[in-house]
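Engineer: So that we are looking at the same thing, I have put the structure below in structure tokens.
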Amino acid sequence: MKGVLELGEKYGFYIVFDEAQTANGRVGAWSVAHLHGLKPDMMTLTKGLRGGFPIGATLAKAGIKGLSYPEEHTTFGGNPVPYVAALVNLYAIEKLNLVERARVMGDYVLKRLNDMKSRFDLIGDVRECGLYLGLDLVKNKETKELATDKAEEVVKLAFEKGALYALDMPDIIGDEVSMRNVIMIRPPLVIKKEELDEALNILEEALIEVSEEYGYKYSKT
Ligand SMILES: Cc1ncc(COP(=O)(O)O)c(C=O)c1O
């Protein structure tokens, strides 16, 4: 990323970090840019900014050409209520120390997921950055062939058992919808450790059932 930013500077193009999903604490830092000590030319913020209110923001370095001074462009744009909600949300993140909390809880989840990875043939990799984690399901640990259908089954089973997980956005190629094989783990930043444990226990139960059904090796301890 650092190299791309340097190229932008050298050749005069701008780098935008889309931090819609990652900013405001989720990755155990205020943003991925903060996490890596980088300064993109622009950054977009939405989900973690708003606590449910419809608001998004585009931040840009001062002096970027082609951007107008902030104006009202739409009928409902510039509504002060979401602005206040976003400010209160940021205040709460800071006061409740949720950025650090995401880092600490993320480390805890990572430990549990890595332990599962060592016990389940179905798990090819664990992705993590604070409370923004993913479990990469594979048919074969060596070839890393994607186990998309198994990931779908694990998510469905976990839902039936009371824990909500999701797969990443599907690819749509022609008329074919192809789900992805990475189970996303992005709990609320205020989640309690007991709740995390319960959700991870359910995930493990679902992994056991799918492993048994399709003959993938696993061990319980
Ligand atoms: C990575 C990413 N960028 C941008 C967006 C768009 O965000 P919004 O719908 O809040 O404008 C989303 C929404 O899902 C997203 O996940």
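Engineer: With closer than 28 Å to LEU200 by Cα and at pLDDT below 90 as the only criterion, which of GLY66, GLY77, GLY51, GLY28 stands out? Break it down stepwise before answering.
Structural biologist: On the way: GLY66 fails: closer than 28 Å to LEU200 by Cα; GLY77 fails: closer than 28 Å to LEU200 by Cα; GLY28 fails: at pLDDT below 90.
Of GLY66, GLY77, GLY51, GLY28, the one residue that is closer than 28 Å to LEU200 by Cα and at pLDDT below 90 is GLY51.
Engineer: Another question about this same structure. For segment 3-41, which positions are away from the ligand (no atom under 13 Å from the Cβ) and assigned to a strand (DSSP E or B)?
Structural biologist: none
Engineer: Output the residue which, of all residues in segment 181-197 that are farther than 13 Å from VAL155 by Cα and surrounded by 15 or more Cβ atoms within 10 Å (Cβ to Cβ), is nearest to the chain's Cα centre (by Cα). Even if it seems obvious, please write down each step before you answer.
Structural biologist: As a first pass, look at segment 181-197 and keep what is farther than 13 Å from VAL155 by Cα: 186-197.
Filter once more, so that each one left must be surrounded by 15 or more Cβ atoms within 10 Å (Cβ to Cβ): 186-187, 189, 191, 196.
Numbers: ARG186: 6, PRO187: 9, LEU189: 12, ILE191: 15, LEU196: 16 Å.
Result: ARG186.
Engineer: Right, here's the next one. Might you let me know whether segment 48-63 holds any residue that is within 16 Å of the ligand (Cβ to nearest atom), without any contact (Cβ under 8 Å) to a residue 24 or more places away in the chain, in a loop (DSSP other than H, G, I, E, B) and of a type outside the set (Val, Ile, Thr)?
Structural biologist: Taking every residue of segment 48-63 in turn, none turns out to be within 16 Å of the ligand (Cβ to nearest atom), without any contact (Cβ under 8 Å) to a residue 24 or more places away in the chain, in a loop (DSSP other than H, G, I, E, B) and of a type outside the set (Val, Ile, Thr).
Engineer: Also, quick follow-up: Give me the pairs: first residue in segment 162-178 and among the polar types (S, T, N, Q), second residue surrounded by 10 or more Cβ atoms within 10 Å (Cβ to Cβ) and in a strand (DSSP E or B), beta-carbon distance under 6 Å, and six or more apart or on different chains, which are they?
Structural biologist: SER178/ASP171
Engineer: When you go through (1) within 16 Å of the ligand (Cβ to nearest atom); (2) on the phi > 0 side of the Ramachandran plot one by one for ASN97, which number turns out not to apply?
Structural biologist: Answer for ASN97: the failing condition is (1).
Engineer: Using the structure shown, decide if LYS193 is among the basic types (Lys, Arg) and in the same structural domain as LEU110 (by TED's automatic domain parsing).
Structural biologist: Values: among the basic types (Lys, Arg): yes; in the same structural domain as LEU110 (by TED's automatic domain parsing): yes.
Taking the combined requirement at face value, the residue satisfies it.
Here's the yes/no breakdown for (1) surrounded by 12 or more Cβ atoms within 10 Å (Cβ to Cβ); (2) touching a Cys at 6+ places or on another chain (Cβ under 9 Å); (3) closer than 30 Å to VAL126 by Cα; (4) among the basic types (Lys, Arg):
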{"residue": "GLU6", "(1), (2), (3), (4)": "no, no, yes, no"}
{"residue": "LEU38", "(1), (2), (3), (4)": "yes, no, yes, no"}
{"residue": "LEU49", "(1), (2), (3), (4)": "yes, no, yes, no"}
{"residue": "PRO80", "(1), (2), (3), (4)": "no, no, no, no"}
{"residue": "LEU90", "(1), (2), (3), (4)": "yes, no, yes, no"}
{"residue": "ILE93", "(1), (2), (3), (4)": "yes, no, yes, no"}
{"residue": "LEU98", "(1), (2), (3), (4)": "yes, no, yes, no"}
{"residue": "ARG103", "(1), (2), (3), (4)": "yes, no, yes, yes"}
{"residue": "GLY106", "(1), (2), (3), (4)": "yes, yes, yes, no"}
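Rundown of residues vs (1) within 27 Å of ALA29 (Cβ to Cβ); (2) surrounded by 21 or more Cβ atoms within 10 Å (Cβ to Cβ); (3) free of Cβ contacts under 8 Å to residues at least 24 places away in the same chain; (4) touching a strand residue (DSSP E or B) at 6+ places or on another chain (Cβ under 7 Å), yes/no style:
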position: LEU110; (1), (2), (3), (4): yes, no, yes, yes
position: MET116; (1), (2), (3), (4): yes, no, no, yes
position: ASP121; (1), (2), (3), (4): no, no, no, yes
position: LEU131; (1), (2), (3), (4): yes, yes, no, no
position: LEU137; (1), (2), (3), (4): no, yes, no, yes
position: LYS141; (1), (2), (3), (4): no, no, yes, yes
position: LYS144; (1), (2), (3), (4): no, no, yes, yes
position: GLU152; (1), (2), (3), (4): no, no, no, yes
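Engineer: Here is a check on your reading of the model: is ASN79 over 29 Å from GLU9 (Cβ atoms), in the same structural domain as GLU9 (by TED's automatic domain parsing) and touching a residue at least 40 places away in the same chain (Cβ under 8 Å)? Break it down stepwise before answering.
Structural biologist: Working: over 29 Å from GLU9 (Cβ atoms): yes; in the same structural domain as GLU9 (by TED's automatic domain parsing): yes; touching a residue at least 40 places away in the same chain (Cβ under 8 Å): no.
Against the criterion (over 29 Å from GLU9 (Cβ atoms), in the same structural domain as GLU9 (by TED's automatic domain parsing) and touching a residue at least 40 places away in the same chain (Cβ under 8 Å)), ASN79 does not qualify.
The values are calculated or read from the model by the stated rules, or taken from the named source; none is laboratory data. All of these numbers come straight from a predicted model, not from anything done at the bench. Glycine also receives a Cβ, built like all others from the backbone with ideal geometry; neighbour counts cover every protein chain displayed.
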